[in-house]
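Visitor: Below you'll find the structure I mean.
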Amino acid sequence: MRITPESRPRWRSWPAASNIYKGIIIVARGDVLFKNGAVVLADTVLFKSDVLVKEGKIAEVGTDLRVPRGAEVIDSTGHHISPGFIDIHIHGAAGHMFEFSDAEGYGAIASTIARHGTTGFLATLAVLPHEGTLSAVKTAMEFARADEGNGAKCVGIHLEGPYLSPEMPGAQNVMAMRGADIREANEYLRAADGMIKLMTLAPEIEGALELIAELRRRGVVSAAGHSNATFEQMRQAVQAGLTHTSHTYNAMRPLHHREPGTVGAALVMDLLSSELIADGHHVAPAAADVLLRCKPRDKVVLITDAVAALGLPEGDHDFLGMPVAVKGGAVRLKGSQNLAGSVLTQDVAIRNLFTWFPKIPLREIFLMASLNPAKAIGIEQRKGQIAEGKDADIILVDEHFEVSLTMVEGRIVYRRQ
């Protein structure tokens, strides 16, 4: 996605943005018993089993659970009862981008992605000048703190930049990229009040290794992305504390038999968790297969990298001052094949992977969009799996990989009509 600072975009030019929330139902939190579904756990699937939710937490998992007085019983026959999806790399939806949105825009995005099974997300901010980033960070922090529970929950912030390589810009704003600056980064961290969970940077740029070490000290995950780093530079970055790669394959130094590059490091360094955009446009299924064969399965993280076009009709639009065409599940700069973000949703990503690789257990694919991202950003103690005491972030997914219900911390925020 290309983000330009000239002006706040006028999203009213995107048609039908106000009509995409049909089916959202807000239900007061109460005890809920999911009955007779296939419960996706971290290590197995329990068939014909139940999940009891009390006071926003998972209270019990088993078979033939007793119905508490006053609890809503949800017949889950024919569905997987899965942990909700966590999208740690998403820029927007429903005509809104996090970089320029207010609370209303955040709410629209959160409601839209909840329809597709996402229960938690990192508000991802692309490259902006200093004041623009600072303002966007403050807005994200305020929304996360005041979350009213009407959609997916903002569990933190992902800064995708500004310390990226102009040699691998993707669709980002090269003019706003800059060398790593610990003082500036600390200003963002203070403004976010602990909400920055992930920062994508180019490990080879000046000051990056020192910043990676500082972020590690502050409890923030560093990711390699928009990077031309060599394999050796990636090795040094991992030693400094790097643990993640952003949208693997995209906007990074490719694999070469004499210089494995950033991609080669992502494939063979098992310490690294690696994001994958499984829309079939950003990464060919065969390349996704290589990643899945090389990485430990619990280190693959499904993301969408979605932008404002998600949830809007196909056709031509003006996107942050650039003409783009939305067609066939892809967003491209008009008149070219260059991608400008995605319109992928996590339920579609799950379906794509299972279609491409039917030999991979479905449980493992579900976890690539739930527990794996939770582990990648260090929130697995609360989120990402169905287990007693965890937040009740639960989705019902039918045999066609369509989401029938989304629950966020015990509150049903979407129920298919």
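The values are calculated or read from the model by the stated rules, or taken from the named source; none is laboratory data. Here the structure is a predicted model, which means the values were calculated and not measured. As a convention, Cβ positions derive from the backbone with ideal geometry for all residues, glycine included, and neighbour counts pool all protein chains shown.
Visitor: Can you tell me which residue within region 65-89, out of those that are of a type in the set (Gly, Ala, Ser) and surrounded by fewer than 17 Cβ atoms within 10 Å (Cβ to Cβ), is modelled with the lowest pLDDT?
Guide: GLY70
Visitor: Please pick out the residue among VAL290, VAL301 that is modelled with pLDDT of 95 or more, under 14 Å from THR118 (Cβ atoms) and of a type in the set (A, V, I, L, M).
Guide: VAL301
Visitor: Also, quick follow-up: Kindly establish whether PRO323 is surrounded by fewer than 15 Cβ atoms within 10 Å (Cβ to Cβ) and touching a Leu at 6+ places or on another chain (Cβ under 8 Å). Quick ask: steps written out before the conclusion?
Guide: Working: surrounded by fewer than 15 Cβ atoms within 10 Å (Cβ to Cβ): yes; touching a Leu at 6+ places or on another chain (Cβ under 8 Å): yes.
In short, yes.
Visitor: Let me ask something additional. Could you please find all residues in region 363-417 being among the β-branched types (Val, Ile, Thr) and within 14 Å of ASP347 (Cα to Cα)? Let's see the steps before the verdict.
Guide: First, pick out the residues of region 363-417 that are among the β-branched types (Val, Ile, Thr): 365, 377, 379, 386, 394-395, 397, 403, 406, 408, 412-413.
Residues satisfying the conditions are ILE365, ILE394, ILE395, VAL397, VAL403, THR406.
Visitor: Could you figure out which of (1) farther than 20 Å from ILE365 by Cα; (2) in contact with an Asp or Glu (Cβ under 7 Å, 6 or more places away or on another chain) isn't true of THR248?
Guide: (1)
Visitor: Across region 95-114, what is the number of residues that are surrounded by fewer than 24 Cβ atoms within 10 Å (Cβ to Cβ) and over 19 Å from VAL137 (Cα atoms)?
Guide: Residues flagged as surrounded by fewer than 24 Cβ atoms within 10 Å (Cβ to Cβ) and over 19 Å from VAL137 (Cα atoms) within region 95-114 amount to 1.
For (1) assigned to a loop (DSSP other than H, G, I, E, B); (2) free of Cβ contacts under 8 Å to residues at least 40 places away in the same chain; (3) touching a strand residue (DSSP E or B) at 6+ places or on another chain (Cβ under 6 Å), each residue gets a yes or a no:
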position	(1), (2), (3)
ILE157	no, no, yes
SER165	yes, no, yes
GLN172	yes, no, no
ARG178	yes, yes, no
LYS197	no, no, yes
LEU209	no, yes, no
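Visitor: Is it true that VAL174 is within 30 Å of ARG332 (Cα to Cα) and either surrounded by fewer than 18 Cβ atoms within 10 Å (Cβ to Cβ) or among the basic types (Lys, Arg) (or both)?
Guide: Yes; evaluated as a whole, the condition is true for this residue.
Visitor: Looking at region 383-410, which of its residues are surrounded by fewer than 16 Cβ atoms within 10 Å (Cβ to Cβ) and either more than 20 Å from VAL51 (Cβ to Cβ) or under 18 Å from the mean Cα position of the chain (by Cα) (or both)?
Guide: Answer for region 383-410, where residues must be surrounded by fewer than 16 Cβ atoms within 10 Å (Cβ to Cβ) and either more than 20 Å from VAL51 (Cβ to Cβ) or under 18 Å from the mean Cα position of the chain (by Cα) (or both): just HIS400.
Visitor: Just one of LEU271, LEU255, LEU292 is surrounded by fewer than 24 Cβ atoms within 10 Å (Cβ to Cβ) and in a helix (DSSP H, G or I); which is it?
Guide: LEU292
Visitor: Related question: Please give the number of the condition ALA213 fails out of (1) closer than 25 Å to ASP298 by Cβ; (2) in contact with a helix residue (DSSP H, G or I) (Cβ under 8 Å, 6 or more places away or on another chain); (3) not in a loop (DSSP other than H, G, I, E, B).
Guide: Result: ALA213 passes all but (1).
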